[in-house]
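The structure under discussion appears below in the form of C-alpha cells.
The values are calculated or read from the model by the stated rules, or taken from the named source; none is laboratory data. The structure displayed is predicted, hence computed values, not measured ones. We place every Cβ from the backbone using ideal geometry, glycine too, and count neighbours over all the protein chains shown. Quick note on the areas: whole protein, heavy atoms, side chains included, nothing else; ligands and nucleic acids left out. Shrake-Rupley method; radii C 1.70, N 1.55, O 1.52, S 1.80 Å.
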Amino acid sequence: MLGRDPERELASFVLPEAGQLAETGDRWRPFVLLDADGVEIEPVAAFFAELLACDKSAATIRSYGMDLLRWWRFLWGWGIAWDRAVRSDARARKRLTTRLRAVAGAAVADQGRTVVQAARDYALSWPVVAAAFTSHARAVLPAQPEPVQALGIDEIRRGQPRWILDEATGIWQTAVDRWHVDFVDLPGKQGLLGQVEGRTAQAVIDWLADRDQAWRDAVQYVAIDMCTIFKSAIRRVLPQATLVVDHFHLVQLANQTLTEVRRRVTVTHRGRRGRKDNREWELRNRLTRSAARMRGEHVDALLDELSNLPRVIGAPITVAWNAKEDLLDLLATARTRPDREQVRDLLYRFYRRCADADLPELQRLATTVETWWPEILAFLHTGITNAGSEGTNRVIKTIARDAYGFRNPGNQRLRTRCATTRRARGHLDAR
C-alpha cells in the first residue's frame, strides 16, 4: 500500500504521461477525460455534466479537468482504482504536487512562460500555476532594492481605468488607475526596482519614502521625461539628486513641432489637410529624419524640394526644419565633453532661429527648452538617458500581450517585476 511507506516509494515514483483532457467543440459537452486507451472516464463525465447543470463555464470545466487528469495519472502510476483510493494516497499526491508547484512557479517567473503555457506543460490547472507563481515570485524577489546611482522614472499605460461609486458622497472614485509609474536601475542590472499605481507626485514620493535614508542618499542622478509631476516629487524627496531630461523626448518634441507647422500652413493656404499630391505631405517622413544621418545629396535634394514649394508653405517649413536641426546639433554634443563656449553658441543659434521665425510653434518649443535647460544641460554633461526605462516598458507591454491583459494590477506588477529582473537573478535565457 502506498500509505504504508510514502517516503520510500515517492522518491522513485515517475508520473505516467497517460490519458488526456480532450476538447470536443460541443457546447454541452466541451471536455472529456480519456484514459490511456482513449476511453472516456465515466465518473469524471458525470462530474462534468453536474458542473454544466450548475451553469459553470467551459473554462471552469477545463480547470477541474486538468486537476482530475493529474489525479488519475497519479492513481494509474500506483495501480490504484479511483474508488479504492484512501486519504493517505491523497496526502502523498499533495507532497508530490508541492514539488511540482515549485517547478511550475519557476517556469513562469524565471523562464518567461505564461501561466497558460506552464499549466499545459505540467498538466496543471491555471489557478494552481498562478498560485505557484505568486509564491515563487514573493520568495525570489528582493524585499528592498539595492542602492543605485542613476534612477530612471517613467510612466506606462496599463489599460482602462475602473471606477467605483462612493455611496456616502455620491462621487465616482478611481479603483484602478490607467497609469503605472516604473522605477528602473539605469546603469546596473537590477532592472525594474518597483512599480506603483497612479501617475501622481504623491505616488512617487510614497515609493521613495519607503526606501531608507541611505538608499535615497546614494541616488545621484534621476532621468525623467519632461514631466513636472516627477520633477516636483524628486525635488521634495531627493534634493541632492541631479535631474536629467531624456533627449529622446526633446527630439520627439522637435519633430512634433515641425509637423504642426507643416499641417498648419497646409490647412491655412490650401484650405484642407495635406494629401498625396501635396509635395510637403509626401516629404513628411524625410523632414523628421536627422540630417546628420542622411547623405549630403539627400539633404540638398530635400532643401531644393522645399524651395520649390509656394513660399507661404515652403518658407515656414524650412525654418522649422532648420530649428529642429539646430536643437539636434546641440543634443549631439552629449558624451563629447563640450566646452562652455560650444554649448553657448549652439544654444544661441537655436534661440535666434526660433525668435526670428515668428512662428508660435517654434516659440513654444524655445520656451520649453528654456524651462528645462538645467536638466538638458545635465544630459549634455552626463550623457545619461532614460532608455533603460523605455526598454522596461517594452517588456511590460510584451508581458501584458502574452497574458491577453491583466484584471488584477497587483498580479501584473508581480509578473513584470519577475520578467524585468531575470538578468539580475541569473535566469535570462540568451537564446
Quiz prompt | Tally, over the stretch 129-158, of residues that are open to solvent by less than 20 Å² (accessible area, probe 1.4 Å) and part of a strand (DSSP E or B) | solution = 6
Quiz item: Among (1) at negative phi; (2) surrounded by 16 or more Cβ atoms within 10 Å (Cβ to Cβ), which single condition is G191 missing?
Solution: (1)
Self-check item: Enumerated helices (runs of 4 or more DSSP H) restricted to the stretch 214-317, each holding at least 1 residues that are closer than 19 Å to T368 by Cα
Solution: 228-237, 247-270
Exercise. Search the stretch 110-124 for residues being surrounded by fewer than 20 Cβ atoms within 10 Å (Cβ to Cβ) and among the small types (G, A, S), and hand back the single one that is nearest to Q20 (Cα to Cα).
Key: A123
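So that you can scan it fast, the table gives a plain yes or no per residue for (1) aromatic (F, W, Y); (2) without any contact (Cβ under 8 Å) to a residue 24 or more places away in the chain; (3) part of a helix (DSSP H, G or I):
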residue: Q160; (1), (2), (3): no, yes, no
residue: A168; (1), (2), (3): no, yes, no
residue: F183; (1), (2), (3): yes, no, no
residue: K189; (1), (2), (3): no, no, no
residue: Q195; (1), (2), (3): no, no, no
residue: R199; (1), (2), (3): no, no, no
residue: D206; (1), (2), (3): no, yes, yes
Exercise. Could you tell me which residue of the stretch 348-381 is nearest to T333 (Cα to Cα), considering only residues that are surrounded by 14 or more Cβ atoms within 10 Å (Cβ to Cβ), charged (D, E, K, R) and without any contact (Cβ under 8 Å) to a residue 60 or more places away in the chain?
Key: R349
Quiz item: Are any residues in the stretch 284-316 under 39 Å from the mean Cα position of the chain (by Cα) and either crowded, with 18+ Cβ neighbours inside 10 Å or under 13 Å from V251 (Cβ atoms) (or both), and if so, which ones?
Solution: L287, T288, R289, S290, A291, A292, R293, L302, P316
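Among the candidates R311, R295, R335, single out the residue that is under 17 Å from L258 (Cα atoms) and basic (K, R). Spell out the reasoning first.
Details: R295 fails: under 17 Å from L258 (Cα atoms); R335 fails: under 17 Å from L258 (Cα atoms).
Being under 17 Å from L258 (Cα atoms) and basic (K, R) holds for just one of R311, R295, R335, which is R311.
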Exercise. Please work out which one of (1) at pLDDT below 95; (2) surrounded by 13 or more Cβ atoms within 10 Å (Cβ to Cβ); (3) over 37 Å from the mean Cα position of the chain (by Cα) is the condition V319 fails and give its number.
Key: (1)
Quiz item: Can you tell me which residues in the stretch 33-85 are closer than 19 Å to E17 by Cβ, open to solvent by 50 Å² or more (accessible area, probe 1.4 Å) and of a type in the set (K, R)?
Solution: R62
Quiz prompt | Sole exception among (1) touching a strand residue (DSSP E or B) at 6+ places or on another chain (Cβ under 8 Å); (2) closer than 24 Å to R293 by Cα; (3) open to solvent by less than 20 Å² (accessible area, probe 1.4 Å) for I384, by number | solution = (3)
Quiz item: Got at least one residue in the stretch 333-345 being open to solvent by 40 Å² or more (accessible area, probe 1.4 Å), of a type in the set (D, E) and outside any helix (DSSP H, G or I)?
Solution: yes
Exercise. Would you be able to say whether some residue in the stretch 213-224 is buried (at least 19 other Cβ atoms within 10 Å of the Cβ) and in contact with an Asp or Glu (Cβ under 9 Å, 6 or more places away or on another chain)?
Key: yes
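When the stretch 225-255 is examined, which residues are found to be surrounded by 15 or more Cβ atoms within 10 Å (Cβ to Cβ) and farther than 20 Å from L377 by Cβ?
Of the stretch 225-255, the ones surrounded by 15 or more Cβ atoms within 10 Å (Cβ to Cβ) are 225-227, 229-231, 233-234, 237-238, 241-247, 249-251, 253-255.
Within the stretch 225-255, I229, A233, V237, N255 qualify.
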